[in-house]
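> Let me begin by handing over the structure; questions about it come next.
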Number of protein chains: 4
Amino acid sequence: MSGNTFGESFRVTSFGESHGPAIGCVVDGCPPGLVLAESYIQGDLDRRKPGTSRHVTQRREPDTVEILSGVYEGRTTGAPIALLIRNQDQRSRDYAVIADTFRPGHADYSWWQKYGARDPRGGGRASARETAVRVAAGAIARKWLEEAYGVSVRGYLAQLGEIAIPFVSWEATMGNPFFAPDAAVVPRLETYMDELRHAGDSVGARVNVVASGVPVGWGEPVFDRLDADIAHAMMGINAVKGVEIGAGFAAVTQRGSEHGDELTPEGFLSNNAGGVLGGVSSGQDVTVSLALKPTSSIRIARRTIDKTGAATTVATEGRHDPCVGIRAVPVAEAMLALVLIDHALRHRAQCGDVHTSTPKIAARVK
Amino acid sequence: MSGNTFGESFRVTSFGESHGPAIGCVVDGCPPGLVLAESYIQGDLDRRKPGTSRHVTQRREPDTVEILSGVYEGRTTGAPIALLIRNQDQRSRDYAVIADTFRPGHADYSWWQKYGARDPRGGGRASARETAVRVAAGAIARKWLEEAYGVSVRGYLAQLGEIAIPFVSWEATMGNPFFAPDAAVVPRLETYMDELRHAGDSVGARVNVVASGVPVGWGEPVFDRLDADIAHAMMGINAVKGVEIGAGFAAVTQRGSEHGDELTPEGFLSNNAGGVLGGVSSGQDVTVSLALKPTSSIRIARRTIDKTGAATTVATEGRHDPCVGIRAVPVAEAMLALVLIDHALRHRAQCGDVHTSTPKIAARVK
Amino acid sequence: MSGNTFGESFRVTSFGESHGPAIGCVVDGCPPGLVLAESYIQGDLDRRKPGTSRHVTQRREPDTVEILSGVYEGRTTGAPIALLIRNQDQRSRDYAVIADTFRPGHADYSWWQKYGARDPRGGGRASARETAVRVAAGAIARKWLEEAYGVSVRGYLAQLGEIAIPFVSWEATMGNPFFAPDAAVVPRLETYMDELRHAGDSVGARVNVVASGVPVGWGEPVFDRLDADIAHAMMGINAVKGVEIGAGFAAVTQRGSEHGDELTPEGFLSNNAGGVLGGVSSGQDVTVSLALKPTSSIRIARRTIDKTGAATTVATEGRHDPCVGIRAVPVAEAMLALVLIDHALRHRAQCGDVHTSTPKIAARVK
Amino acid sequence: MSGNTFGESFRVTSFGESHGPAIGCVVDGCPPGLVLAESYIQGDLDRRKPGTSRHVTQRREPDTVEILSGVYEGRTTGAPIALLIRNQDQRSRDYAVIADTFRPGHADYSWWQKYGARDPRGGGRASARETAVRVAAGAIARKWLEEAYGVSVRGYLAQLGEIAIPFVSWEATMGNPFFAPDAAVVPRLETYMDELRHAGDSVGARVNVVASGVPVGWGEPVFDRLDADIAHAMMGINAVKGVEIGAGFAAVTQRGSEHGDELTPEGFLSNNAGGVLGGVSSGQDVTVSLALKPTSSIRIARRTIDKTGAATTVATEGRHDPCVGIRAVPVAEAMLALVLIDHALRHRAQCGDVHTSTPKIAARVK
């Protein structure tokens, strides 16, 4: 009801604040027998970790994860897996300003009115720091998806402010701190970010995520369509303002004779559907695109009110990402993996013994 | 788990196929004491009803709703409200073609592989006919929202294929079968649809929905953000491929100094957030935009496979909406209302006794 | 949240009042491909039907069930199955007395204070009539359990007031209107009931239910143990005041060396556990026993208050079961079947591919 | 789905094994503004703590709880509250015997067949150690219930093996390690336990729990009745085999004219209902009674099989409670508190603005 649990069959319950003792989660419903160690999860966490380049927040957090339960002799037991990440760099400073005023574009005002209580230190629970636990939980989901079904989930930065980034290769995304799929564009991104940081401002971004190898049949037809649950997952990431599946908003101007992906014995001829037909996976790549708004904590002073309702201004000096979209790439991957494993298990519950004689066609004709 | 229930506190469980005996739903969790009659729900159903103009499906369905339970002496009792709509015009025809082949862009292939069973008559459960029950349930939600909080939920057609439709007034949306907010554009829409129908093709659309009067404080911060649940609701409508909240994808190129909506004692100065900050309503209008793909059932023949996996072609002759986006307007309104009432009740559960001395500022400075 | 849905993977959403237009339910999550017809469900409904002997309520209801969705060409499709039972014999009479006073032992007072609204006709939603839909939904569960796993679920009346009824055979339960497993005791039960009816009073009962053939492995270890969910299901039946699994309250005085059921390669040597170890089925018979209180609607006048809070008395003249425990037998069977199918599917979701080399031992050494 | 989360509005997600690094839970949905400190929770944990007398397990665990999130400046914020208890005394010993055989009456066999994996150290997740986190979460629930509604939740040992313990006073329960409500019986209990321990055997017990001050109106009428959810909660405690509400199994032989609790302007005249009418609280004391089976880990050798299915015997030498019923008292209190707070919030969601002019009558005429 309070919405800190994600998923139905594979459930992640998240907790923790930016400057509290720790963040973490409980993963319930993981199939037993999966080989799992902290080092594996750590690999994914390191991709999202703050402080890895000058273009993201300078907070120094090792993000060391500890598995507290659910794993015995290196394998999952089927019991809940609790993951703990202690906060280290809760830099001592004066939060009085933030505590008494409301940043434009931030959760400050709405949460205060909702709860009448607020942990203002570093944004408290509203901090993007919370997304580390999603990456940790997502790492477990990704491992199982890959081993059980050969599914891979990968994302990249598709646009930074005005700069559209062409997709060149998945390898390219690993060689730069922007998750940019084109090495050639990186110098331009660096210059752009340096100017932005210098100006004390922030900017939005577009992130694309793709799941390959998803078998046909995952997703529930009406309310909990696979794409509906993906939309829920993505819009639930801090700063996301838009979600597209497949052709997305381009479908508005498409004709039916253009949009509908033709089927042949050799595979589909296009993928406007983004791998989801009638809410159920088709066997094609599941393709998702997100819009992320610019960070609301900026050094430029802006008009606002304080807790008494009086007019004032606010500028935020702390350590913030000038573009939250960059570090959102591993978070979006994690959320997509969480949706997929959840629907893999949900599908197995109801349809675990269904077989048809119709061949499963290839994702796409090459 | 099979996803035919929507909501947590205000729950709608949907059932029914296009050409079965009936469609309907059970609404559980409605607050007691609400004045409710079938005639009220019927008013909303009539807006979505097929056959109201030549631009939508010609199926003739009165969509007469019967309240089976949960209402006594004209008021809700707190017990589940079952709504029943008998199907009338299940025109007898040969479904053998559809039953054995898979329409491109349709649920046919993925559902068949998922269930190994399929009701092909009129699309079965995949038919947009299912959305009638969402409108019926949404009517109850809208009535309560309006009476308890003064919330109004309204939508319009913002784009039809290439034709963008400027917002002129809410009144304009009621005077034409397109839900177009500008009377002047209607003749152009009619010509466009006539040509499309003549060509046997279909087209996409954009629909906007706005909720006004939503108080500050609804929504749950992390996974079940108000905007995340809206995204889930909207992407769960047949044919939707993209969802935006507030600035949406335009946020990608915005600066933080531009995007963050400034607060003043007189109200907010802009609404890029779309009425949701940190997943919680801010008191501003909640603004949502959807992309709908073109209908996949078209008269133009397309390549596909049959149940044995052999290559073939398929063309669909039946009665279909050439643009599902048009009749999606009342459906999108209903889904937004369902999300809002659910979060109104969820908020009351945890925070029913919270009060702050901070004034609730106006939605927007005029 | 309002609790009219039962189950997680196999979900039943119930609706309807005793004297409204209809009662019914939506069953979501049924595996596809199950052969299903109304006649099958009707068979179970007829066992619970009122008016079958002079010892139960004399209301005349055919309880004819209609399948509205989810079945195509005689098989389930995986879509929700809506079941509808129209009410026929809503005998017109004056409910003014019941509407304004609160029967001792009845839901009248607590529901009125909860909702501030109440449908008093025949008890409204509090009527045992609601249990017909559980039997209808349970019939689907039983059929699947039997065909997929060979599970049978059977119940009997174990005690009527002071009269304990020894278990002789399952066959015996079918030859009398009491579901008594011993034909010899029936004349004594008839005399007892005649005297009770003559006195205008009612009495409690004990019902036993047994599920045989349940495979080892169903149930979730901590909160949602198989036995915990059975307890929830049984205590959720009207009038139930106590639930036992296996040895039940007799376990209070047992020693560990006596209670723990020994395992041998040929099977278990006893069944004090009632087929559930650590919340998970063991492969033994699942044995459950319930206590049902006497009907609260009796002809003997009793002290109470009216809606203004003033002292008064109330006697109930309508058509009521002098012992609700009798017709509770098929209801308890249905609820046990609903718990079992739900856990069968839940188990398959998480552990669908688990195999061990340890033999599954027999339910019990003969 | 895997059942490690309890509740709908006030949700507790439990994790941890007996001999893993830690146990703990996440409490989601706690109303904001509640004064909360670790010391408060510690008080309840100390009551359940092992090693407090020679009559319970001799494991030495300080059970020190750490609040990781959700509390700021001494008050709950509405964010999830994570509670962590590190395991200290995981005495190193050889688990080979337990790992390869299945104790009669224990989860060993059923869990192994379910998961194909098992953490055998100290019983792993099946250990009663898991109940410590329920007590910790329950402490938060109790505090809120008491402060918001004046509800108190208290339990006692009502029977130990053959020794029935009369209720003398709540004060008496605090002066002895048995939670016995009669000081006079304590010497007899001590002798009994000494003999039992000497024999290497164990015994069952009966525990009673009472909630006073519960307002009328909590609980949902059909499946999620207050008593049904209590039954689920209690049967979900390790070793519980039976649950009664109010008159419980005594209702089997009662007449309706005896069982139904009469109402007067001064209050109810009896409490056979146990404070729940039609699944909804009546304002009377909620009275619950549980049967706990004897501990299955005993020193007396018993017949069993090993992982290959071969016949063998097993005796358990470790540190175990000869009567788990004793330490179950605070656990049962905690579970009852968790059900009550959950229904308090659920009730507020749907019926937060209901008022009637009918006076709420007293729990009982003195």
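The values are calculated or read from the model by the stated rules, or taken from the named source; none is laboratory data. This is a predicted model, so every value here is computed, not measured. Don't worry about glycine lacking a Cβ; one is built from the backbone with ideal geometry, like all the others, and counts go over all protein chains shown. Surface accessibility is based on the protein's heavy atoms, side chains included, excluding ligands, DNA and RNA. Shrake-Rupley method; radii C 1.70, N 1.55, O 1.52, S 1.80 Å.
> To the nearest 20 Debye, how big is the dipole of region B:5-351 about its Cα centre, given +1 on the beta carbon of each Lys and Arg and -1 on that of each Asp and Glu?
I would put it at about 1140 debye.
> Same structure, new question: Which links in A:LYS143/A:LYS360; A:LYS241/B:LYS360; C:LYS49/C:LYS114; D:LYS49/D:LYS114; C:LYS241/D:LYS360 stretch past 26 Å when you go from one Cα to the other?
C:LYS49/C:LYS114; D:LYS49/D:LYS114
> Shifting gears a bit: Taking a probe of 1.4 angstrom, what is the accessible area of C:TRP170 in Å², to the nearest 10?
40
> Continuing with this model, one more query. Let me know the mean shielding of A:117-124 by other chains, meaning the per-residue number of their Cβ atoms within 10 Å of its Cβ.
Mean number of neighbouring Cβ atoms from other chains: 5.
> With r defined as the distance between the Cβ atoms of B:TRP170 and A:GLU73 and R0 fixed at 56 Å, what FRET efficiency is calculated, to the nearest 0.05?
Efficiency at R0 = 56 Å is approximately 0.30.
> OK, next. Of the accessible area of region C:122-183, with the probe set at 1.4 angstrom, what percent is carbon plus sulfur?
53
> I'd like the mean, over residues of B:265-276, of how many other protein chain beta carbons sit within 10 Å of each residue's own Cβ.
Mean number of neighbouring Cβ atoms from other chains: 3.
> Let me ask something additional. Quick one: which residues, 5+ away or cross-chain, put their amide H under 5 Å from the amide H of C:GLY267? H built at 1.01 Å from N.
Close amide H contacts, sequence-distant or interchain: C:ALA362.
> Let me ask something else about it. If the only charges are +1 at each Lys and Arg Cβ and -1 at each Asp and Glu Cβ, what is the size of the charge dipole of region A:16-73 around the Cα centre, to the nearest 20 debye?
The dipole of region A:16-73 has a size of about 440 debye.
> With a cut-off of 8 Å between alpha carbons and a minimum separation of six or more residues, what is the relative contact order of chain C in percent?
21
> Sticking with this structure for a sec: Among B:ALA158, B:ILE326, B:ALA199, whose Cα projects farthest towards the positive end of the dipole of chain B, with charges put on the beta-carbon of Lys, Arg (+1) and Asp, Glu (-1)?
Among B:ALA158, B:ILE326, B:ALA199, the one farthest towards the positive end of the dipole of chain B is B:ALA199.
> Using a label position 7 Å from Cα in the Cα→Cβ direction, what is the ascending list of nm distances from C:PRO166 to the same site in the other copies?
3.8, 9.0, 9.3
> Another question, if that's okay. Can you figure out the FRET efficiency of C:ALA311 with D:TYR149, using R₀ = 25 Å and their beta-carbon distance, to the nearest 0.05?
In this case the efficiency is close to 0.35.
> Please report the net charge: other residues with Cβ closer than 13 Å to the Cβ of D:GLY16, K and R +1, D and E -1.
The answer is -2.
> When Cβ neighbours within 10 Å are restricted to other protein chains, what is their mean count per residue of peptide C:322-329?
Per residue, the average neighbour count from other chains is 1.
> State the Cα centre-to-centre distance between region C:177-195 and region A:171-242 in whole Å.
What the calculation gives is 71 Å, centre to centre.
> Can you put C:ARG60, A:ARG319, A:ARG225 in order of accessible area, largest first, using a 1.4 Å probe? Show your work: numbers first, answer last.
Working: C:ARG60 140, A:ARG319 60, A:ARG225 20 Å².
The most accessible residue leads, giving C:ARG60, A:ARG319, A:ARG225.
> Taking GluC sites (Glu not before Pro) as exposed when DSSP calls them loop (any state but H, G, I, E, B) and at most 13 other Cβ atoms lie within 10 Å, what is the longest stretch of chain B free of them, the sites themselves excluded? Please list the in-between numbers first.
Values: sites that count: B:GLU73, B:GLU162, B:GLU266, B:GLU317.
The longest such stretch corresponds to B:163-265.
> Something else about it: Rounded, prolate or oblate: which one fits region B:303-363, using the alpha carbon gyration tensor with axes a ≥ b ≥ c (rounded when a/c is under 1.5, else prolate when a/b beats b/c, else oblate)?
Prolate shape, in that a/c is at least 1.5 and a/b is the bigger ratio.
> Next up: Give me a comma-separated list of calculated 3J(HN,Hα) values for region A:124-135, in order, Karplus coefficients 6.51, -1.76, 1.60 applied at θ = phi - 60°, integers in Hz, x for any Gly or Pro.
The phi angles translate into x, 6, 7, 5, 5, 4, 4, 5, 4, 6, 5, 5 Hz.
> Keeping all protein chains in position, work out how much accessible area C:MET235 exposes to a 1.4 Å probe, and write it in Å² to the nearest 10.
0
> Residue by residue through region B:223-230, what is 3J(HN,Hα) from phi via Karplus (6.51 cos²θ - 1.76 cosθ + 1.60, θ = phi - 60°)? Round to whole Hz and write x for glycine and proline.
With coefficients 6.51, -1.76 and 1.60, one gets 7, 9, 3, 4, 6, 5, 6, 5 Hz.
> Shifting gears a bit: Which value, in debye to the nearest 20, describes the size of the charge dipole of region C:119-251 about its Cα centre when Lys and Arg Cβ atoms bear +1, Asp and Glu Cβ atoms bear -1, and nothing else is charged?
Taking the Cα centre of region C:119-251 as origin, the dipole is about 280 debye.
> Using the C-alpha gyration tensor of region A:222-366, what are the square roots of 5 times its eigenvalues, in whole angstrom, with the largest one first?
One finds semi-axes of 41, 18, 13 Å for region A:222-366.
> Taking the Cα centre of chain B as the origin and placing charges on Cβ (Lys, Arg +1; Asp, Glu -1), which of B:SER2, B:VAL276, B:HIS19 is farthest toward the positive end of the dipole?
After comparing all options, I get B:HIS19.
> Related question: Spelling out what I want: for every residue of region C:62-79, take phi, set θ = phi - 60°, compute 6.51 cos²θ - 1.76 cosθ + 1.60 (Karplus), and round to whole Hz; glycine and proline get x.
Result, rounded to whole Hz: x, 6, 7, 9, 10, 8, 9, 6, x, 10, 9, 6, x, 10, 5, 9, x, 7.
> Give the A-B buried accessible area in Å², both sides summed, 1.4 Å probe, nearest 100.
When A and B are taken together, about 9600 Å² of accessible area is lost.
> Oh, and also: Could you pull out every residue, at least 5 positions away or on a different chain, whose amide H is within less than 5 Å of the one on D:TYR72? Hs are placed 1.01 Å off N in the peptide plane, and Pro or chain starts have none.
Amide H to amide H, under 5 Å and 5 or more residues apart or across chains, D:TYR72 pairs with D:THR77.
> Keeping every protein chain in place, order C:THR191, C:THR358 by accessible area at 1.4 Å, biggest value first, i.e. largest first.
Most to least solvent-accessible, the answer reads C:THR191, C:THR358.
> Indicate the gyration tensor shape class of chain A (rounded, prolate or oblate), computed on the Cα atoms with a ≥ b ≥ c the square roots of the eigenvalues: a/c under 1.5 is rounded; otherwise a/b larger than b/c is prolate and the rest oblate.
Cα axes put chain A in the prolate bin.
> Let me ask something else. For the pair A:LEU269/C:GLN88, report the inter-label distance in nm, with labels modelled 7 Å from Cα in the Cβ direction.
5.8
> For region C:168-285, report the accessible area per residue in Å² (1.4 Å probe, heavy atoms, rounded to an integer).
26
> Just how much of C:HIS259 is accessible, in Å², when a 1.4 Å probe is used and the result is rounded to the nearest 10?
10
> Another one. Taking the simple approach of a point 7 Å from Cα along Cα-to-Cβ for both A:ALA99 and B:GLU38, what is their distance in nm?
6.1
> If amide H atoms are built 1.01 Å from N in the plane of the peptide, which residues on other chains or at least 5 residues away come under 5 Å of the amide H of C:TRP218?
Those qualifying (amide H under 5 Å, at least 5 residues apart or on another chain) are C:SER281.
> Between copies, how close do the D:HIS355 label points come, placed 7 Å along Cα→Cβ, listed in nm from shortest?
Label-point distances to the other copies, shortest first: 1.4, 6.6, 6.7 nm.
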